[in-house]
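K.L.:
A single structure is presented below for examination.
The values are calculated or read from the model by the stated rules, or taken from the named source; none is laboratory data. Keep in mind that what you see is a predicted model, and the values were worked out from it rather than measured. Here the Cβ positions follow ideal geometry from the backbone for every residue, glycine too, while neighbour counts run over all protein chains shown.
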Amino acid sequence: MSKKFKAMVLSCMDPRFQSLVFNYLNKKGLKGKYSAFTIAGAAVGVTHNKFKRWHTAFIENLATSIELHKIEKLIVINHRDCGAAKIANGKKEFSLANENHIHKTSFQSLKKILKKKFPKLKVDFNLMGLDKKVQKFK
Ligand SMILES: [Zn+2]
């Protein structure tokens, strides 16, 4: 299997972020080297209870990409002003603090799941804004 596939990218389906994510990954030298899983909310979509039926699809796709493409890393790109994060937020005000909390929680939940299912997989958590600024999370 070719060694050129390095990562899977989990990002949101939001139309405003498709070219931003694409350009961000190109700048990192990843053009043509990643498989893409694009779903509403990115990490929010694959961890939050409101999107339960999507969780398995993600895990199975990730397992498939590990098997087929020998990927070593998952790059997660959530974004600001995300509709799925607003759904997850419920009736509360979508304040900066609440928005941050939703993303942080989704990263932590995903980290826990991945540690158990794919202990060797590296993970990189990012939160992107419409201004193209990217905030890193651990
Ligand atoms: Zn979104």
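K.L.:
May I ask you to say which residue of Leu74, Leu30 is in contact (Cβ under 8 Å) with a residue 12 or more places away in the chain and not in a loop (DSSP other than H, G, I, E, B)?
P.N.:
Matching residue, one of Leu74, Leu30: Leu74.
K.L.:
Separate question: If we keep just the residues of the range 10-46 that are away from the ligand (no atom under 14 Å from the Cβ) and within 15 Å of the chain's Cα centre (by Cα), which is nearest to Met128 (Cα to Cα)?
P.N.:
Tyr24
K.L.:
Separate question: Please find, within the range 84-138, the residue that is surrounded by the most Cβ atoms within 10 Å (Cβ to Cβ) out of those that are more than 22 Å from Lys27 (Cβ to Cβ) and among the acidic types (Asp, Glu).
P.N.:
Going through the qualifying residues, I end up with Glu99.
K.L.:
Taking the options Leu130, Leu110, Leu114, name whichever one is modelled with pLDDT of 95 or more, of a type outside the set (Asp, Glu) and within 12 Å of the chain's Cα centre (by Cα).
P.N.:
Going through Leu130, Leu110, Leu114 in turn, just one is modelled with pLDDT of 95 or more, of a type outside the set (Asp, Glu) and within 12 Å of the chain's Cα centre (by Cα): Leu110.
K.L.:
Criterion first (within 17 Å of Ile113 (Cα to Cα), within 13 Å of the ligand (Cβ to nearest atom) and part of a helix (DSSP H, G or I)) does Phe51 satisfy it?
P.N.:
When the stated conditions are applied, Phe51 passes them.
K.L.:
Follow-up. Tell me which residues, restricted to the range 52-92, are over 22 Å from His103 (Cβ atoms) and among the charged types (D, E, K, R).
P.N.:
If the condition is that a residue be over 22 Å from His103 (Cβ atoms) and among the charged types (D, E, K, R), then Glu60, Glu67, Lys70, Glu72 are the ones that fit.
K.L.:
In addition: Which one of these is part of a loop (DSSP other than H, G, I, E, B) and either without any contact (Cβ under 8 Å) to a residue 40 or more places away in the chain or away from the ligand (no atom under 16 Å from the Cβ) (or both): Lys91, Lys104?
P.N.:
One residue alone meets the criteria, Lys91.
K.L.:
Let me spell it out: the conditions are (1) within 16 Å of the ligand (Cβ to nearest atom); (2) in a helix (DSSP H, G or I), and Lys115 meets all of them except one. Which number is the exception?
P.N.:
Of everything listed in (1) within 16 Å of the ligand (Cβ to nearest atom); (2) in a helix (DSSP H, G or I), Lys115 misses just condition (1).
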